[in-house]
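J.: Structure provided below as structure tokens; questions to follow.
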Amino acid sequence: MYLKHRKNFKNPTGRVLLAIGILDFFDAIAKFAGRWTLSDGPGSVLCQFQAFFLHFSNMSSAFLSLALALNALYLVAFDGSVDLILKLEWLVIAVSLLIPAVIAAIPLFWQPIAGVRMYGDAQLYCWIVSTYTQYQIYLLFMWLWAMIVFTFFVLFYLRYKFNKLDARMASNSSGPTKSSEMRKFVVRRMIAYLIAFVVIWTPSSVNRITQLVIGSPVYELNVFQAMFIPSRGLFDFLANYYAIWSRGKVLQSTTSDSSDSTSTNSKRTGPLKTRHEITKYSAHSKSNVGDDSMR
């Protein structure tokens, strides 16, 4: 997909999505290894590395998604500068990888219960064992749920702003406008990412909360959660492909629209610029799942 649509990755949002895609790829490899890493025991280097990387890749994806949401909010709510986003792009990506790396490394060196490693046999693969269920919440799910709530806020706020822009432009013209078509693309794109994010994380979130409340795993929830383990990359691919396809339809529609005069277009320069920036930097939401596996 990257080779076919390289131009879609030549902006900050595209590069972040590419980074998420790379993380998804290696996350899939780590999950594909499954319990093979336990062949030398839960304390083996392979098991510990698998657990570390699964934790790191999932948190990094969530942090990168948060960065995209912050970019969109900055551009719209604070009339932010695209130049500043470009200037800080690599710093933001570095921080989005560094913080998860530090958090994922904590279970490698800390044992709240003497002699019991935090990373170990999590049934499907190596991760934080059920003995430390509360730390699954503190070290991953607490962060994830906060990001989900924030992403919802950003999505609703952006839609509110889009509606205001549409109302303003509707007073200047009749019928569909380039702006309204772009709004449809942006809203659909965000909804696609949001659906992917929520669908992938909901089973594991419900399972974790249930297990924390009743103190023991529920088989049916484990099965439901396990069904979504390989779906992270799939859902992200579908969301990204839909965004690319939808963008092409919008560009085709706006290019063939000859009803907008030059003077009308000049009146819309500000709003259209804002929508174009939002299109490039709009929020992307993410994903993961297992009994003691993350998702």
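The values are calculated or read from the model by the stated rules, or taken from the named source; none is laboratory data. Keep in mind the model is a prediction, meaning the values are calculated, not measured. Please note: Cβ atoms are built from the backbone with ideal geometry, for glycine as well, and neighbour counts cover all protein chains shown. Ligands, DNA and RNA are stripped out before the accessible areas are found, and what is left, the full protein with its side chains, is counted by its heavy atoms. Shrake-Rupley method; radii C 1.70, N 1.55, O 1.52, S 1.80 Å.
J.: Restricting to region 157-193, give me the number of residues that are closer than 17 Å to N71 by Cα, crowded, with 20+ Cβ neighbours inside 10 Å and at pLDDT 60 or above.
T.: 5
Yes/no matrix, rows are residues, columns are (1) of a type outside the set (A, V, I, L, M); (2) at pLDDT below 85; (3) surrounded by fewer than 22 Cβ atoms within 10 Å (Cβ to Cβ):
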{"residue": "K7", "(1), (2), (3)": "yes, yes, yes"}
{"residue": "I29", "(1), (2), (3)": "no, no, yes"}
{"residue": "S44", "(1), (2), (3)": "yes, no, yes"}
{"residue": "C47", "(1), (2), (3)": "yes, no, no"}
{"residue": "M59", "(1), (2), (3)": "no, no, no"}
{"residue": "A62", "(1), (2), (3)": "no, no, no"}
{"residue": "L73", "(1), (2), (3)": "no, yes, yes"}
{"residue": "I99", "(1), (2), (3)": "no, no, yes"}
{"residue": "A105", "(1), (2), (3)": "no, no, yes"}
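J.: Next question, about the same structure. Among residues belonging to region 199-217 that are among the hydrophobic types (A, V, I, L, M, F, W, C), surrounded by fewer than 16 Cβ atoms within 10 Å (Cβ to Cβ) and in contact with a helix residue (DSSP H, G or I) (Cβ under 9 Å, 6 or more places away or on another chain), point out the one that is nearest to S61 (Cα to Cα). Can you show your working first?
T.: Of all residues in region 199-217, those among the hydrophobic types (A, V, I, L, M, F, W, C) come to 199-201, 206, 209, 212-214.
Next, from what is left, pick out any that are surrounded by fewer than 16 Cβ atoms within 10 Å (Cβ to Cβ): 199, 206, 209, 212-214.
If we keep only those that are in contact with a helix residue (DSSP H, G or I) (Cβ under 9 Å, 6 or more places away or on another chain) too, we end up with 199, 206, 209, 212.
Details: V199: 15, V206: 20, I209: 21, L212: 24 Å.
If we take residues in region 199-217 being among the hydrophobic types (A, V, I, L, M, F, W, C), surrounded by fewer than 16 Cβ atoms within 10 Å (Cβ to Cβ) and in contact with a helix residue (DSSP H, G or I) (Cβ under 9 Å, 6 or more places away or on another chain), then V199 is nearest to S61 (Cα to Cα).
J.: Looking at T37, is it modelled with pLDDT of 85 or more and assigned to a helix (DSSP H, G or I)?
T.: Values: modelled with pLDDT of 85 or more: yes; assigned to a helix (DSSP H, G or I): yes.
When the stated conditions are applied, T37 passes them.
J.: Inside region 203-226, can you point out the residues that are within 20 Å of the chain's Cα centre (by Cα) and free of Cβ contacts under 8 Å to residues at least 60 places away in the same chain?
T.: The answer is V206, and nothing else.
J.: Pairs only if they're at least six apart or on different chains, beta carbon under 9 angstrom, first in region 110-124 and under 24 Å from W36 (Cβ atoms) and open to solvent by 70 Å² or more (accessible area, probe 1.4 Å), second assigned to a loop (DSSP other than H, G, I, E, B) and among the charged types (D, E, K, R); list them, first residue then second.
T.: Q123/D291; Q123/D292
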